[in-house]
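Worksheet for the structure shown next.
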Amino acid sequence: MAVMLVIVLGLGGIGCSSIYKQSQAMLPPGPCAQLKFRIEEAQHAEQLASQSLITLRDRLNGGSSAAALETDRDRVATSAFELDRRLASVRDAAAHCEGDPPLASEIARLQKRSRELMDYVEALRRGGDSIDAAQLDALIGSSTKP
């Protein structure tokens with residue numbers, strides 16, 4: 001009985017410490033390092049959103065079916081919401097780190113980009129099938145501007 005109790009307690013302790021150590025190893029230790037990490041995540045989400053816009057534009061120019069375009073619209077919306085979600089974690093991390101001018105400007109750029117994408121998604125919802133390739137080109141082009 002005592003042996004089983006020792007084994008159970010030992011296994012429970014191993015699992016908790018390994019989960020703690022894994023998450024500690026994934027996240028940077030300082031608040032400003034965490035902010036940089038969260039900004040990198042948001043930048044990656046921005047890249048995915050740009051890729052989904054390019055796919056939608058290419059399918060639109062290629063004369064794809066309405067069903068294929070609907071899937072691409074959904075992909076754009078999902079990537080826009082993901083960028084917005086990532087920006088929320090950036091804002092949370094920024095609250096714990098004193099502002100660094102390059103980081104503040106990057107946060108502002110990402111927020112502007114997120115607003116553009118969310119506005120486009122909202123326009124897609126209101127306009128239905130009125131997707132304009134020129135609008136997509138402008139939106140894709142704004143992602144490459146600093």
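Residues in the range 102-114 carry Karplus couplings, in order, of x, 5, 5, 5, 5, 4, 4, 5, 5, 5, 4, 4, 4 Hz; the curve used is 6.51 cos²θ - 1.76 cosθ + 1.60 with θ = phi - 60°, and Gly or Pro positions show x.
Whole-Hz Karplus values for the range 60-71 come out as 5, 5, x, x, 5, 5, 4, 5, 5, 5, 4, 4 Hz, taken residue by residue from phi with 6.51 cos²θ - 1.76 cosθ + 1.60 and θ = phi - 60°; glycine and proline positions read x. Straightening the chain between Ala68 and Ala88 buys 4.1 nm, computed as 0.36 nm per residue apart minus the Cα-Cα spacing. Here the residues Ser89, Ser50, ranked from fewest to most Cβ neighbours within 10 Å of their Cβ, fall in the order Ser89, Ser50. Using a simple spin-label model with pseudo-atoms 7 Å out from Cα toward Cβ, Glu98 and Arg115 lie 2.8 nm apart.
With each label modelled as a point 7 angstrom along the Cα→C-beta vector, the Gln135-Leu48 pair spans 2.4 nm.
Any read-out appearing in this document is the output of simple, stated calculations on the displayed coordinates, not a laboratory observation. Just so it is clear, the structure is predicted and the values come from calculations on it, not from any experiment. Quick reminder, even Gly has a Cβ in these numbers, built from the backbone with ideal geometry, and neighbours come from all protein chains shown.
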